[in-house]
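The values are calculated or read from the model by the stated rules, or taken from the named source; none is laboratory data. Owing to the predicted nature of the structure, the values given are computational and were not obtained by experimental measurement. No Cβ is skipped: glycine too gets one built from the backbone with ideal geometry, and neighbour counts run over all protein chains shown. Just the protein is used for accessible areas: all its heavy atoms, side chains included, with ligands, DNA and RNA removed. Shrake-Rupley method; radii C 1.70, N 1.55, O 1.52, S 1.80 Å.
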Amino acid sequence: MSNATVAVPSDDKRWKLVNATMRRNGFRPDALIETLHTIQESFGYLDDKALTYVSEALGVSPSQVYGVATFYHFFNLKPKGKHVCSVCTGTACYIKGSGALLEKIEEKYGIKAGGTTADSSLSLLTVRCVGACGLAPAVVIDSEVSGNQTIESTLSKLEEVLKS
Ligand code: FES
């Protein structure tokens with residue numbers, strides 16, 4: 001049975017987008033694929049925490065959720081890199097220059113969006129909206145959402161994170 005009152009995994013605003021998809025579908029089990037799509041668009045991948053949450057909220061067994069997530073090639077399970085940088089390419093962020101931001105990161109680390117550096121230190125992803133449009137352009141580094149990003153601020157934050 002679905003349960004609209006299951007607590008979201010964290011106060012990350014992106015869960016609101018995920019919940020909106022489930023709510024729009026009345027928290028019915030047949031919202032599973034659309035919900036997984038929203039998670040992927042917002043977070044860039046589906047990790048165990050997300051799959052468990054969807055299973056509980058939609059009342060679908062964990063094995064069924066995992067089965068769907070692994071069956072379709074367009075769903076990514078956790079990225080390979082130790083650190084993850086997701087650049088928001090949703091409309092608001094794109095208008096504010098996230099395309100150029102993404103290009104600079106690709107150039108500096110020699111990887112394309114969706115890729116991971118050869119030493120597995122960094123995976124670079126794009127996401128469609130992280131729920132921070134008022135702070136566009138937004139970038140998420142290791143689950144921390146930063147708004148009003150410039151090429152300089154993002155590159156320096158990445159350097160700092162990669163040193164840790
Ligand atoms: S479009 Fe980037 S946060 Fe919404």
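Figures for the structure shown
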read-out	value
Where G26 falls short, out of the listed (1) outside any helix (DSSP H, G or I); (2) at pLDDT 95 or above; (3) open to solvent by 80 Å² or more (accessible area, probe 1.4 Å)	(3)
One residue from K104, K78 being away from the ligand (no atom under 12 Å from the Cβ), farther than 18 Å from T150 by Cβ, free of Cβ contacts under 8 Å to residues at least 60 places away in the same chain and charged (D, E, K, R)	K78
Criterion violated by G115 - all others in (1) of a type outside the set (V, I, T); (2) touching a Gly at 6+ places or on another chain (Cβ under 8 Å); (3) under 23 Å from H37 (Cα atoms) satisfied	(2)
Qualifying residue in the range 51-59 (condition: open to solvent by 30 Å² or more (accessible area, probe 1.4 Å), under 19 Å from L17 (Cβ atoms), out of contact with any Asp or Glu (no Cβ under 9 Å at 6 or more places or on another chain) and polar (S, T, N, Q))	yes
Complete set of residues in the range 122-154 that are away from the ligand (no atom under 14 Å from the Cβ) and open to solvent by less than 30 Å² (accessible area, probe 1.4 Å)	L122, S123, L124, I141
